[in-house]
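Before I ask anything, here is the structure I am working with.
The values are calculated or read from the model by the stated rules, or taken from the named source; none is laboratory data. All figures in this text were calculated on a predicted structure; none of them were measured in a lab. Cβ placement follows ideal geometry from the backbone for every residue including glycine, while neighbour counts extend to all protein chains displayed. When the accessible area is computed, the model is the full protein with side chains, heavy atoms only, and any ligands, DNA or RNA have been set aside. Shrake-Rupley method; radii C 1.70, N 1.55, O 1.52, S 1.80 Å.
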Amino acid sequence: MQAYWIMSANSDDGEDDFGVALDTRPKTKRPPLYKVMILNDDYTPMEFVIMILERFFGMTHQESFDLMLTVHKKGLAVVGVFSHEIAETKVTQVIDMAQKHSHPLQCTLEKE
Ligand code: TYC
């Protein structure tokens, strides 16, 4: 909170009126955002990656296919940007599902 000194100009009580005005504007700092990324590997089936993107990131089949291919060619891609809690949940969901199917698919988060 910010404090400002103020002085009233013309009160006629013979006293100099000093006071403190408090700026009550709330400091609304935005929470940091986190990129969730998936990484390429040589073993996870393309269809599995597409299914993951549809299921956990709400992408259409076409969007999932395109992003999977980007990761396949470039090595990694950002899948989405979320609050820290949501980003961690997405990473956990992806890794858990990959492990359940014995695929080495990796997913990480990074502060934006
Ligand atoms: N490179 C994998 C393959 O050829 C496909 C793949 C794409 C794997 C994206 C992981 O994040 C990934 N089967």
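Before we move on, is VAL49 touching a strand residue (DSSP E or B) at 6+ places or on another chain (Cβ under 9 Å), within 21 Å of HIS101 (Cα to Cα) and surrounded by 13 or more Cβ atoms within 10 Å (Cβ to Cβ)?
For VAL49, the condition - touching a strand residue (DSSP E or B) at 6+ places or on another chain (Cβ under 9 Å), within 21 Å of HIS101 (Cα to Cα) and surrounded by 13 or more Cβ atoms within 10 Å (Cβ to Cβ) - is met.
Let me ask another. Quick one: is THR70 at pLDDT 95 or above, polar (S, T, N, Q) and surrounded by 14 or more Cβ atoms within 10 Å (Cβ to Cβ)?
So THR70 fits the description; yes.
Is it the case that region 25-43 has a residue that's open to solvent by 80 Å² or more (accessible area, probe 1.4 Å), over 22 Å from GLU112 (Cα atoms) and away from the ligand (no atom under 14 Å from the Cβ)?
yes
Also, quick follow-up: Looking at region 82-112 only, could you name the residues that are open to solvent by 80 Å² or more (accessible area, probe 1.4 Å) and either within 16 Å of VAL71 (Cα to Cα) or basic (Lys, Arg) (or both)?
LYS100, GLN106, LYS111
While we're looking at this one, here's another question. Please find, within region 87-112, the residue that is farthest from ASN40 (Cα to Cα) out of those that are assigned to a helix (DSSP H, G or I) and free of Cβ contacts under 8 Å to residues at least 12 places away in the same chain.
Filtering region 87-112 for residues that are assigned to a helix (DSSP H, G or I) and free of Cβ contacts under 8 Å to residues at least 12 places away in the same chain, the one farthest from ASN40 (Cα to Cα) comes out as THR89.
Pick from GLY58, GLY75: which is of a type outside the set (Lys, Arg) and either touching a residue at least 60 places away in the same chain (Cβ under 8 Å) or open to solvent by less than 40 Å² (accessible area, probe 1.4 Å) (or both)?
None of the others qualify; the one that does is GLY75.
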